[in-house]
Each structure stands twice: as C-alpha cells, then as structure tokens.
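*Asks:* There's a structure below that I have some questions on.
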Amino acid sequence: IFEKFKRLLPFKRAYQERIFTQFNDILYAVIYGQLMIAVIQGTLGGIGFFILGLSSPILWGITMAFFALIPFIGPPIVWLPIALLQILTGLSQNDNSLITKGIVLILYGTLIVGTIDNILRPKIIGERAKIHPIMVLLGVVGGIKLYGIVGLVVGPIILAIFMTIARIYEERKLHHSLK
C-alpha cells in the first residue's frame with residue numbers, strides 16, 4: 001500500500017522518502033508516547049494508592065496503566081470508584097479518615113495522574129518525532145475533534161505529513177527562485 005501510495009505522490013523520490021520517514025517517525029512516537037504515558041500514569045496511581053495505605057497498590061497501578069491506553073476512559077475508571085467507595089464507606093461508618101482518603105484520592109487522581117497526560121504526551125511525542133510539543137497538542141486535539149478516538153493517533157500523523165509537505169514546497173519554491 002505504501003509503495004503504491006508513494007508512486008501516486010507528485011514528488012521526487014527523495015521527497016517521497018522524507019514524507020514516509022516522517023510518517024514512520026510520527027507513528028512510532030505516538031505509539032511510544034501512548035505506552036510511556038500509560039506506564040507513568042499507572043506508576044503514579046500505584047504510588048498514590050501506596051501513600052494512602054490502600055490495598056493492592058501494584059495491582060491497581062497496573063490496572064490504571066492498562067486503562068490509560070483507552071482514550072476517554074483512562075485511569076479514572078479505576079481510581080474514581082475506589083475514591084467514591086472510600087468516601088461512602090467513611091460516611092456510613094462515620095470514619096473521617098476514609099472520607100479524607102477518598103477526597104485526597106480524587107484530588108490526586110485529577111491533579112497528578114490526569115494532568116500528567118496533558119503535560120507529558122506532547123513533550124514525549126514531540127521529542128521522538130522532532131516536532132514542537134504545541135504542534136503535537138494541536139494535532140491530538142484536532143484529530144480527536146475530527147476523527148474521535150482514532151484522531152489521537154491520526155491527528156499528529158496528518159499534521160506532521162502536512163508540515164513535511166509544506167517544508168518540501170518551501171524548499172522547492174526557494175530553489176526555483178534562486179535559479
């Protein structure tokens with residue numbers, strides 16, 4: 001498919017190679033970024049469970065890492081019910097420590113585990129793909145807006161290919177103007 005698509009592109013072979021190299025770099029960076037963010041979120045979640053003295057922090061951390069790979073669901077599917085259960089149990093047993101643990105877990109999950117995704121994803125993908133993190137963020141947000149969940153991967157790829165083609169066009173235009 002790639003070879004057929006390369007033949008259809010109205011560019012010289014060297015430009016085609018640049019476009020497909022950029023495509024591969026972005027695809028690798030997005031997948032790598034997703035996996036790294038999932039591991040980081042799972043680790044942070046497990047640490048939070050450990051600090052709060054909740055049971056099975058390693059198991060819950062691994063579970064959060066798994067769910068972090070699923071867009072729009074993510075780690076809150078794990079920590080939010082546990083936090084609410086802590087609060088409800090604390091209310092029914094009149095135990096302020098459980099209520100406090102539940103509230104702290106909600107704050108920790110929202111402010112630390114949830115926010116780290118928005119901070120690190122553009123940075124990790126941007127460094128791996130050699131694209132500015134703001135452009136990655138625009139690609140992710142735009143991709144999600146246009147394509148839904150699939151846009152998380154497709155958005156940055158389309159943006160990177162567009163940027164590569166724009167650079168090639170600029171180089172060709174500059175080259176022709178110098179003649």
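The values are calculated or read from the model by the stated rules, or taken from the named source; none is laboratory data. Not measured: the values here are computed from a predicted model. Note that each Cβ is placed from the backbone with ideal geometry, even for glycine, and that neighbours are counted across all protein chains shown. Heavy atoms of the whole protein, side chains included, go into the accessibility calculation; ligands, DNA and RNA do not. Shrake-Rupley method; radii C 1.70, N 1.55, O 1.52, S 1.80 Å.
*Asks:* Looking at the stretch 130-153, which of its residues are buried (at least 20 other Cβ atoms within 10 Å of the Cβ) and over 29 Å from G46 (Cα atoms)?
*Replies:* Residues satisfying the conditions are I131, G139, G143.
*Asks:* Considering only residues of the stretch 1-35 that are part of a loop (DSSP other than H, G, I, E, B) and of a type in the set (A, V, I, L, M, F, W, C), which is most open to solvent (accessible area, probe 1.4 Å)?
*Replies:* Filtering the stretch 1-35 for residues that are part of a loop (DSSP other than H, G, I, E, B) and of a type in the set (A, V, I, L, M, F, W, C), the one most open to solvent (accessible area, probe 1.4 Å) comes out as I1.
*Asks:* A further question on this structure: Please state which of the following conditions E127 fails to meet, knowing it meets all the rest: (1) over 26 Å from the mean Cα position of the chain (by Cα); (2) farther than 20 Å from I77 by Cα; (3) charged (D, E, K, R).
*Replies:* Status for E127: all satisfied but (1).
*Asks:* Enumerate the pairs (first residue in the stretch 82-106 and more than 20 Å from W60 (Cα to Cα); second residue anywhere and among the aliphatic types (A, V, I, L, M) and in a helix (DSSP H, G or I)) with beta-carbon separation below 9 Å, excluding pairs fewer than 6 apart on the same chain, so at least 6 apart or on different chains.
*Replies:* Close Cβ pairs (under 9 Å, with a partner that is among the aliphatic types (A, V, I, L, M) and in a helix (DSSP H, G or I)) amount to G90/L98; G90/I99; L91/L98; L91/I99.
*Asks:* Residues to consider are I112, I134; find the one that is β-branched (V, I, T) and more than 24 Å from I158 (Cα to Cα).
*Replies:* I112
*Asks:* Being in contact with a helix residue (DSSP H, G or I) (Cβ under 9 Å, 6 or more places away or on another chain) and open to solvent by less than 70 Å² (accessible area, probe 1.4 Å) is the filter here; which residues of the stretch 113-125 pass it?
*Replies:* Initial filter on the stretch 113-125 (in contact with a helix residue (DSSP H, G or I) (Cβ under 9 Å, 6 or more places away or on another chain)): 113-114, 116-118, 120-125.
Within the stretch 113-125, V113, G114, I116, D117, L120, R121, P122, I124, I125 meet the criteria.
*Asks:* Further question on the same structure: For the stretch 93-132, what are the residues that are farther than 15 Å from I82 by Cα and of a type in the set (V, I, T)?
*Replies:* If the condition is that a residue be farther than 15 Å from I82 by Cα and of a type in the set (V, I, T), then I112, T115, I116, I119, I124, I125, I131 are the ones that fit.
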